Amino acid sequence: MLQTRKIRENKAEYIKLLKVKNFDANNIFNLLIDLDDQRKEAQIKCDELLSKSNNLSSQIGKLYKTGDTNKVASLKKESIIIKDESKIFLNKQNKLEREIKDLLVQIPNIPHPSVPVGKSDLDNLVVKQKAEAPALYDGAKPHWDLTERYGLIDFGLGNKITGSGFPVYTNKGAKLQRALISYFLDKNINAGYLEYLPPLLVNEASGFGTGSLPDKEGQMYHVNEDNLYLIPTAEVPVTNFFRDIIVNEFPVKCTAYTPCFRREAGSYGKDVRGLNRLHQFDKVEIVQIERPENSYDILNEMVEHVSSILDELELPYRILKLCGGDLSFTSALTFDFEVYSAGQKKWLEVSSVSNFEDYQSNRLKLRYKDSNGKNQLCHTLNGSALALPRIYAALIENNQTPDSIIIPKALQAYTGFDIIK
RNA sequence: GGUGAGGUGGCCGAGUGGCUUAAGGCGCACGCUUGGAAAGCGUGUAAACGGGAAACUGUUUCGGGGGUUCGAAUCCCUUCCUCACCGCCA
């Protein structure tokens with residue numbers, strides 16, 4: 001959520017930048033500022049009346065002691081009138097505040113000036129490509145064939161007990177998954193991130209804090225009886241640790257492994273085959289909270305960190321700077337990581353590293369004290385390091401031989417085996 | 001799930017309708033003191049939204065929401081949470 005004050009200060013610039021996100025802010029900004037003017041006016045009036053009424057009350061208190069009951073009665077009458085009048089302005093103020101908030105949640109975050117113009121994912125900018133597609137033997141398979149042949153994942157079994165999009169990992173397939181989780185967590189811990197193992201269900205306030213609610217209500221599983229939501233990413237619980245907090249020590253670097261749950265309503269077809277899109281999947285997330293002046297350095301640091309993991313796994317990948325049309329509602333700048341999965345001959349998104357600037361912090365009321373002792377909003381950043389299923393798919397597709405799958409060196413200490421036959 | 005006790009500032013904790021402008025303590029910051037430190041003494045120390053060039057100042061906030069009252073941390077209703085014991089249970 002943007003701040004009205006900043007919209008007032010940077011109106012023209014924001015309108016220009018939001019055009020990159022294909023969002024026409026002109027009318028909504030004007031409306032917003034107008035409502036905010038009205039709000040201030042109502043507040044001034046309301047405060048004035050309440051001040052008078054507070055004054056009368058304390059006078060009444062003193063008069064009771066002197067026993068001047070006539071005077072008390074007349075002051076009471078006066079006070080009731082003032083109080084009634086103040087309620088009119090208070091209601092007006094509350095109504096305007098609600099209207100302003102309703103508008104604010106409709107406005108996406110301001111994109112960073114470097115965000116390229118574009119309509120869709122086709123316009124994303126490739127900023128780095130480290131992709132020697134492996135030379136596979138003739139007749140190399142996509143992962144859904146490999147997982148079946150080597151008994152790594154039983155999609156049918158998941159289908160039976162839950163539904164499609166809920167795979168069951170078995171034997172070495174399960175061990176490989178567990179190895180990847182441990183490996184990612186260790187990489188993150190070694191880079192200075194503090195590990196958390198958070199709850200997988202969050203309350204409504206947390207959903208709102210990270211902007212999952214109300215925007216993506218339909219994408220989250222909801223436990224009706226207790227009014228809790230299954231997390232779509234660890235970003236939700238972890239970022240909400242810092243809700244209503246004034247941070248005074250930086251850096252704040254968190255990592256967490258969690259399963260993630262997404263309804264993915266409306267997805268179908270080839271894109272959802274095998275591990276490509278699931279309702280439940282594992283992900284290791286990194287989250288950082290920083291002061292505004294450092295946040296873009298931190299974003300680069302996070303991009304470097306994710307790159308180093310993919311380097312070590314020897315996976316071909318590329319980094320995309322998302323264009324305005326593909327950038328998420330809440331993000332100011334996002335780098336996507338895609339690995340090349342040679343069995344499918346496809347790029348698969350495995351990580352998305354974003355700077356949200358103060359867009360989330362404003363909802364979260366996440367602040368720090370600046371050098372003048374004033375409270376300012378922090379910047380929040382997060383990224384996947386990494387999302388498991390597509391890494392898994394690319395790993396087994398890229399490392400297949402006609403009769404085996406080779407485990408990359410970096411993982412062998414975690415799997416305890418170097419080949420799957 | 002049942003019964004009971006609670007929820008007050010960064011933390012502890014007093015506070016049963018107006019002497020609360022939330023006591024007192026701890027912590028923190030600054031100053032005095034010191035060769036330096038500790039102790040001691042003094043001063044300051046919440047947030048949000050407003051007004052004001054500034055000094056300063058108004059309103060709101062004692063878990064959340066609603067109510068009674070001229071006036072609520074205090075009384076009433078409601079809801080959430082915590083703790084204790086009981087029940088159930090990995």
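Between residue A:97 and residue A:294, the FRET efficiency from the beta-carbon distance, with R0 = 25 Å, is close to 0.15.
Compared with the dominant Cα axis of chain A, that is its longest principal axis, helix A:171-190 is turned about 50°. Per atom type, the range A:308-371 shows carbon and sulfur on 42% of its accessible surface, probed at 1.4 Å. Counting only protein heavy atoms and using a 1.4 Å probe, what share of the accessible area of the range A:4-47 belongs to carbon plus sulfur, as a whole percent? Answer for the range A:4-47 is 47 percent, counting heavy atoms of protein chains only.
Above 15 Å, the calculated P(r) of the range A:303-372 contains 63 percent of its Cα-Cα pairs. Normalised by 2.2 N^0.38 Å, with N the number of residues, the alpha-carbon radius of gyration of chain A equals 1.24.
Within the range A:92-212, the ratio Rg/Rh, alpha carbon atoms throughout and Rh by Kirkwood, equals 1.10. Seen from residue A:78, the other residues with C-beta closer than 14 Å to its C-beta sum to a net charge of +3, counting Lys and Arg as +1 and Asp and Glu as -1. Summarising the amide proton neighbourhood of residue A:385: residues at separation of 5 or more, or on other chains, whose placed amide H is nearer than 5 Å comprise A:284, A:285, A:286. The smallest convex shape that holds all Cα atoms of the range A:367-421, its convex hull, gives 123 Å³ per residue. Dividing the Cα radius of gyration of the range A:1-137 by 2.2 N^0.38 Å, with N the residue count, gives 1.91.
Beta bridges assigned by DSSP with both partners in chain A are antiparallel in approximately 90 percent of cases.
Peptide packing for A:228-238, A:362-372 was compared via the average number of neighbouring C-beta atoms within 10 Å per residue; ordered from the highest value, the list is A:228-238, A:362-372. Packing-based ranking of A:392-400, A:128-136, A:105-113, A:162-170 yields A:392-400, A:105-113, A:162-170, A:128-136, ordered from highest to lowest mean Cβ neighbour count within 10 Å.
Taking every C-alpha pair closer than 8 Å and separated by at least 6 residues, the mean separation divided by the residue count of chain A gives a relative contact order of 19 percent.
Restricting the calculation to Cα atoms, the range A:273-421 shows an Rg/Rh of 1.07 when the hydrodynamic-style radius is the Kirkwood one.
Electrostatic bookkeeping for residue A:408 treats Lys and Arg as +1 and Asp and Glu as -1; over the other residues with beta carbon under 12 Å from its beta carbon, the sum is -3. Against the main long axis of the alpha-carbon atoms of chain A, helix A:388-398 sits at an angle near 20°.
Can you give me the Cα centroid spacing of the range A:77-99 and the range A:1-59 in angstrom? If we compute the Cα centre of each part, the gap is 18 Å. Accessible surface computed residue by residue for chain A, with neighbouring protein chains in place and a 1.4 Å probe, gives 49 Å² per residue. Once the Kirkwood radius over Cα pairs is known for the range A:223-337, the Stokes-Einstein relation at 10 °C and 1.306 mPa s delivers a diffusion coefficient of 94 µm²/s. For the range A:28-164, the relative contact order works out to 26 percent when only alpha carbon pairs closer than 8 Å and six or more residues apart are counted.
The alpha carbons of the range A:49-117 give a radius of gyration and a Dmax of 22.7, 75 Å, in that order. For the residue pairs A:141/A:172; A:130/A:346; A:187/A:253; A:40/A:87; A:160/A:421; A:71/A:92, alpha carbon separations beyond 22 Å are given by A:160/A:421; A:71/A:92.
Across the cross-link table entries A:52/A:365; A:6/A:45; A:101/A:128, which are compared at the Cα atoms, the separations over 29 Å belong to A:52/A:365; A:101/A:128.
The values are calculated or read from the model by the stated rules, or taken from the named source; none is laboratory data. Here the structure is a predicted model, which is why all the values come from computation and not from measurement. We place every Cβ from the backbone using ideal geometry, glycine too, and count neighbours over all the protein chains shown. These area figures cover heavy atoms from the full protein model, side chains too; ligands, DNA and RNA do not enter into them. Shrake-Rupley method; radii C 1.70, N 1.55, O 1.52, S 1.80 Å.
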